[in-house]
Amino acid sequence: MKLDLENKLALVTASSGGIGLEIARVLAAENARVVINGRTQANVDKAIESILGSHPDADLIPLVSDNGTREGCETTIKALAEVDILVNNLGIYEAVGFFDETDADWQHLFEVNIMSGVRLARHYLAPMLAKGEGRVVFISSESGVMAAPEMAHYSATKTMQLSISRSLAELTKNTRVTVNSVLPGPTRTENVQKFMQDVYPDLSIEDAERKFLAENRPTSLIGRLIDPVEIGNVVAFVCSERASVINGAAIRAEGGLLRGVI
């Protein structure tokens, strides 16, 4: 399916690795102009090299900024006055028991997972509304619906993203701007693989994945970790004109592990 993203300027936060990198790769493959964002020049350069390796004609713009801070968002906004597509992908997680989560832990996840998207959407959504077209996507998580007791603060931020996304979608009435959330499930990123190897040091990565799903996500219908490019495909579709009637939605891309019918 041709997504008609030619010359659309897309900012994908935290796109130097993981899910963000694959979202950027798919958007670039669809001929969007993609801003590759990371906290260090080395990470941004490595991501650009990776995308150019698979898509030599990709139109990529490097941006070094830490959008998990107010100063980093200001750097991003100064570099990019407007964008056609904003993908708020930046997010962090940590497995910490509730009784061990300090005020600082809660505040740090709130600052990174929530305020990064709020600050950028506050700036970039207004010009989209003025033009009458644009896309904002928040990368939430299945943990925003099915709370994870081992990281209550993370789950709380992911639930809040769903609310923020829907609230912003209400501002888009009678325009061709959409605001949506995409909810990935457990995805095979480097950080997740490292986490599993730490938890199951005596198992191969394949066996560790199977054990993790069986013990922690037994309702998964696909029975495997998600490939990051699969999330990239969903996000690119949501960013396209082909998804023009999808607005204010929380789109599940979690392999069927959420059992609710809505």
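The values are calculated or read from the model by the stated rules, or taken from the named source; none is laboratory data. Note that the structure is a prediction, hence the values are computed from the model and not measured. Every residue, glycine among them, receives a Cβ derived from its backbone with ideal geometry; neighbour counts consider all protein chains shown.
Of the residues making up segment 26-44, those that are assigned to a helix (DSSP H, G or I) and surrounded by fewer than 24 Cβ atoms within 10 Å (Cβ to Cβ) are ALA29, GLN41, ALA42, ASN43, VAL44.
Results for (1) at pLDDT 95 or above; (2) in contact with a Leu (Cβ under 7 Å, 6 or more places away or on another chain); (3) within 23 Å of TYR93 (Cβ to Cβ); (4) not assigned by TED's automatic domain parsing to the domain that holds ALA47, shown as yes or no for each residue.
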{"site": "SER163", "(1), (2), (3), (4)": "yes, no, yes, no"}
{"site": "ASN174", "(1), (2), (3), (4)": "yes, no, no, no"}
{"site": "VAL182", "(1), (2), (3), (4)": "yes, no, yes, no"}
{"site": "GLN197", "(1), (2), (3), (4)": "no, no, yes, yes"}
{"site": "VAL235", "(1), (2), (3), (4)": "yes, no, yes, no"}
{"site": "ILE246", "(1), (2), (3), (4)": "yes, no, no, no"}
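Name the residues in segment 135-181 that are closer than 17 Å to CYS239 by Cα, crowded, with 22+ Cβ neighbours inside 10 Å and of a type in the set (Ser, Thr, Tyr), would you? Answer for segment 135-181, where residues must be closer than 17 Å to CYS239 by Cα, crowded, with 22+ Cβ neighbours inside 10 Å and of a type in the set (Ser, Thr, Tyr): SER140, SER165, THR178, SER181.
Pick out the one residue from GLU215, GLU209 that is at negative phi, part of a helix (DSSP H, G or I), without any contact (Cβ under 8 Å) to a residue 60 or more places away in the chain and surrounded by 15 or more Cβ atoms within 10 Å (Cβ to Cβ). So the residue among GLU215, GLU209 that is at negative phi, part of a helix (DSSP H, G or I), without any contact (Cβ under 8 Å) to a residue 60 or more places away in the chain and surrounded by 15 or more Cβ atoms within 10 Å (Cβ to Cβ) is GLU209.
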